[in-house]
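> Before anything else, here's the structure in question.
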Number of protein chains: 2
Amino acid sequence: MSQRNTAVTDQFTDDCPLREVLALIGDKWSAQVLVELGEGPRRFTQLERAIEGISRRMLTVSLRNLERNGLVTRTVYPDSPPSVEYATTALVEEIREPLEALSAWARHAGPAILEARRAYDDRC
Amino acid sequence: MSQRNTAVTDQFTDDCPLREVLALIGDKWSAQVLVELGEGPRRFTQLERAIEGISRRMLTVSLRNLERNGLVTRTVYPDSPPSVEYATTALVEEIREPLEALSAWARHAGPAILEARRAYDDRC
DNA sequence: CAGGATCCTGTGTGATACTG
DNA sequence: CAGTATCACACAGGATCCTG
């Protein structure tokens, strides 16, 4: 009861900043949520359909964490049926570039990594 | 026995490249290992001392994963006592910049994130 | 539509002890 | 020094059912 949301570490006093970032978006889904929201504001079900394989529960959890850390805003429109819109905050804009650099690297380095993996597995 | 090392996903066919990167270095220690090795080649015990809180086991596991994915090389010098040197590969050079950008962001955005967290926790 | 509440499982991680 | 082996556990994540 009321145990706080600990899906993400509560501390931000780590000495390794990189680990702090990973504590924020390093889980299985948060990064993808941010990517999708980067295209523009989305509703819950839109996100659910866009992100292949995510469960309702994990989408909720991820969004809550992102919201709690100020990376995503949640806007409720009191319609019926209910309508909720999620969007990224300015904070996220500042990491869009490095994040896309990592994506690009993944695409470009993918083959080399697979090759390294094969080589390693062969030797062992 | 001989079940392959699955601390990191075996697939690199994911549709979200960002998630692939996180599958490589998104765990608790790998990023810090890379950061430390970024300073130059290190020996096992050097890493163990430099990375606060890491256990021998997790250092081994992380290094093995990084090695398997071609991000780190392992060189054994047949001395007595044994001596092993770890170093990053060229692959890692290409993500040093975006990684450092994320670190910088963590330092700079840290206060805002803490503030957002406080605000969120207050409301709930 | 947009969740919340439960239950359950895999695995990532840590503590400890042992070895070439 | 640089690991391996074993146990033990918390927790992220999935499945399912329920609600305003």
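The values are calculated or read from the model by the stated rules, or taken from the named source; none is laboratory data. Note that the coordinates shown come from a computational prediction; the quantities given were computed from them, not determined experimentally. We place every Cβ from the backbone using ideal geometry, glycine too, and count neighbours over all the protein chains shown.
> I need the full set of residues from the stretch B:108-124 which are out of contact with any Gly (no Cβ under 8 Å at 6 or more places or on another chain), surrounded by 11 or more Cβ atoms within 10 Å (Cβ to Cβ) and either of a type in the set (Val, Ile, Thr) or within 13 Å of A:GLU20 (Cα to Cα) (or both), in order please.
Within the stretch B:108-124, B:HIS108, B:ALA109, B:GLY110, B:LEU114 qualify.
> For A:THR45, only one of the following conditions fails: (1) more than 10 Å from every other protein chain (Cβ to nearest Cβ); (2) within 10 Å of DNA strand D (Cβ to nearest atom). What is its number?
(2) is the only condition that A:THR45 fails.
> Can we say A:LEU34 is at the interface with chain B (Cβ under 8 Å from one of its Cβ atoms), touching a helix residue (DSSP H, G or I) at 6+ places or on another chain (Cβ under 9 Å) and under 24 Å from B:GLY110 (Cα atoms)?
So A:LEU34 does not fit the description; no.
> From the list A:PRO41, A:PRO78, which one is out of contact with any Lys or Arg (no Cβ under 7 Å at 6 or more places or on another chain), surrounded by fewer than 21 Cβ atoms within 10 Å (Cβ to Cβ), over 17 Å from B:LEU102 (Cα atoms) and modelled with pLDDT of 95 or more? Break it down stepwise before answering.
Numbers: A:PRO78 fails: modelled with pLDDT of 95 or more.
A:PRO41 is the lone residue from the list that is out of contact with any Lys or Arg (no Cβ under 7 Å at 6 or more places or on another chain), surrounded by fewer than 21 Cβ atoms within 10 Å (Cβ to Cβ), over 17 Å from B:LEU102 (Cα atoms) and modelled with pLDDT of 95 or more.
> Restricting to the stretch B:85-117, count the residues that are more than 7 Å from every other protein chain (Cβ to nearest Cβ) and of a type in the set (Lys, Arg).
So the count comes out to 1.
> State whether the residues of the stretch A:91-101 include one that is free of Cβ contacts under 8 Å to residues at least 12 places away in the same chain, more than 30 Å from B:ARG68 (Cβ to Cβ) and part of a helix (DSSP H, G or I).
Yes; the residues of the stretch A:91-101 include at least one that is free of Cβ contacts under 8 Å to residues at least 12 places away in the same chain, more than 30 Å from B:ARG68 (Cβ to Cβ) and part of a helix (DSSP H, G or I).
> Please verify whether B:LEU102 is within 12 Å of DNA strand D (Cβ to nearest atom) and either buried (at least 20 other Cβ atoms within 10 Å of the Cβ) or under 19 Å from B:GLY40 (Cβ atoms) (or both), treating the condition exactly as stated.
On the way: within 12 Å of DNA strand D (Cβ to nearest atom): no; either buried (at least 20 other Cβ atoms within 10 Å of the Cβ) or under 19 Å from B:GLY40 (Cβ atoms) (or both): yes.
Spelling it out, it is not the case that B:LEU102 is within 12 Å of DNA strand D (Cβ to nearest atom) and either buried (at least 20 other Cβ atoms within 10 Å of the Cβ) or under 19 Å from B:GLY40 (Cβ atoms) (or both).
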